[in-house]
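Below: one structure, written as structure tokens.
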Amino acid sequence: MLELRNVSKWFGGLPALQDVSFRIPRGQVTALIGPNGAGKSTLINCISGVDNAQAGSIRLARRPVEALPAHDIAALGVARTFQNLKLFGRLTVLDNVLTGLTVAAERSFIISMLRLPGLRHEERQLRLRALDALDDFGLSRKAQWPASALSYGEKKRVEMARAFVSDPRLVLLDEPVAGLNADETARIARHIRRQRGAGHTMLLVEHDMALVMDVADQVVVLDSGRCIACGDPADVRSNPLVLEAYLGRMEATA
């Protein structure tokens with residue numbers, strides 16, 4: 001589904017990513033892990049078009065996307081959540097999820113501008129898709145609540161519902177369980193497994209190693225902007241370079 005070749009990014013002359021290469025298989029969960037400052041969020045931003053890689057290539061289903069803006073990459077079927085919640089607090093939960101259908105609603109915008117027949121039918125179909133997504137994530141009863149009234153865990157699930165509502169090719173999940181308790185984390189894990197079972201491809205950025213080992217088919221490890229390991233969870237967990245990257249940071253902090 002996605003292939004990265006020698007992706008590099010600098011900020012003020014300092015390397016954030018250095019020759020990062022790996023592939024994300026279709027229909028699987030690939031976890032991206034690494035110590036703080038390893039470059040994980042920068043890589044997510046480059047894939048989604050928030051930032052542009054300065055070297056290397058990023059191919060979505062064999063199509064180069066490294067130079068495209070975020071809205072064009074979204075139109076090609078890439079959706080994401082954010083490490084820091086990006087919800088519209090005053091909008092209803094349903095309306096927040098509807099924003100995930102912006103690309104799908106493009107025809108509705110044209111129809112509304114021209115006042116053509118079929119506008120109400122098109123809008124009804126979009127609302128039904130949003131309601132189905134909320135039902136998938138256990139939030140249908142709170143569709144008309146303002147997003148600001150939800151618990152933190154529920155807000156995380158609204159972001160996931162918004163990401164999956166458009167049936168994207170690739171979903172980028174940026175720390176979906178950060179700040180959640182054990183019960184909410186287990187719930188998110190069930191949702192990730194369910195979405196994988198439905199055929200969705202995901203790149204999961206996460207520090208919760210129990211979650212990673214539970215849901216990931218493949219694990220990619222970044223350290224100081226470089227890819228130091230890539231493989232199945234069991235192999236990566238016992239990789240000496242991975243152990244050194246994590247344990248070394250822990251010892252330095254101590």
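Being assigned to a loop (DSSP other than H, G, I, E, B), at pLDDT below 95 and surrounded by fewer than 13 Cβ atoms within 10 Å (Cβ to Cβ), is that true of even one residue in the stretch 152-168?
Checking the stretch 152-168: not a single residue is assigned to a loop (DSSP other than H, G, I, E, B), at pLDDT below 95 and surrounded by fewer than 13 Cβ atoms within 10 Å (Cβ to Cβ).
Considering (1) of a type in the set (Asp, Glu); (2) crowded, with 22+ Cβ neighbours inside 10 Å; (3) without any contact (Cβ under 8 Å) to a residue 60 or more places away in the chain, say which one Asp232 fails and leave the rest.
All conditions are met except number (2).
Return only the number of the condition from (1) under 13 Å from the mean Cα position of the chain (by Cα); (2) not in a loop (DSSP other than H, G, I, E, B) that Arg59 does not satisfy.
The failed condition is (1).
Can you pull out every residue in the stretch 12-30 that is farther than 17 Å from Glu66 by Cα and either surrounded by fewer than 21 Cβ atoms within 10 Å (Cβ to Cβ) or modelled with pLDDT under 95 (or both)?
Gly12, Gly13, Leu14, Pro15, Pro25, Arg26, Gly27, Gln28
Got a sec? Which of Ala53, Ala38 is assigned to a loop (DSSP other than H, G, I, E, B) and touching a residue at least 60 places away in the same chain (Cβ under 8 Å)?
Ala38
Kindly list the number of the only condition in (1) modelled with pLDDT under 90; (2) surrounded by 20 or more Cβ atoms within 10 Å (Cβ to Cβ) that fails for Met250.
So the condition that Met250 fails would be (2).
Here are the criteria: (1) surrounded by 15 or more Cβ atoms within 10 Å (Cβ to Cβ); (2) farther than 17 Å from Ser166 by Cβ; (3) small (Gly, Ala, Ser); (4) in contact (Cβ under 8 Å) with a residue 60 or more places away in the chain. Tell me which single one Gly77 does not satisfy.
Tallying (1) surrounded by 15 or more Cβ atoms within 10 Å (Cβ to Cβ); (2) farther than 17 Å from Ser166 by Cβ; (3) small (Gly, Ala, Ser); (4) in contact (Cβ under 8 Å) with a residue 60 or more places away in the chain, Gly77 fails exactly one: (2).
For the stretch 183-232, list the strands (runs of 3 or more DSSP E) that sit wholly inside it and hold at least 1 residues that are closer than 17 Å to Arg80 by Cβ; which are they?
201-205, 218-223
Going residue by residue through the stretch 219-228, is there one that turns out to be surrounded by 20 or more Cβ atoms within 10 Å (Cβ to Cβ), within 18 Å of Gly27 (Cα to Cα) and touching a residue at least 40 places away in the same chain (Cβ under 8 Å)?
yes
Being over 16 Å from the mean Cα position of the chain (by Cα), of a type in the set (S, T, N, Q) and on the phi < 0 side of the Ramachandran plot, is that true of even one residue in the stretch 152-172?
no
The values are calculated or read from the model by the stated rules, or taken from the named source; none is laboratory data. Everything numeric here is computed off the predicted structure, so don't read it as measured data. Cβ: placed from backbone, ideal geometry, glycine included. Neighbour counts: every protein chain shown.
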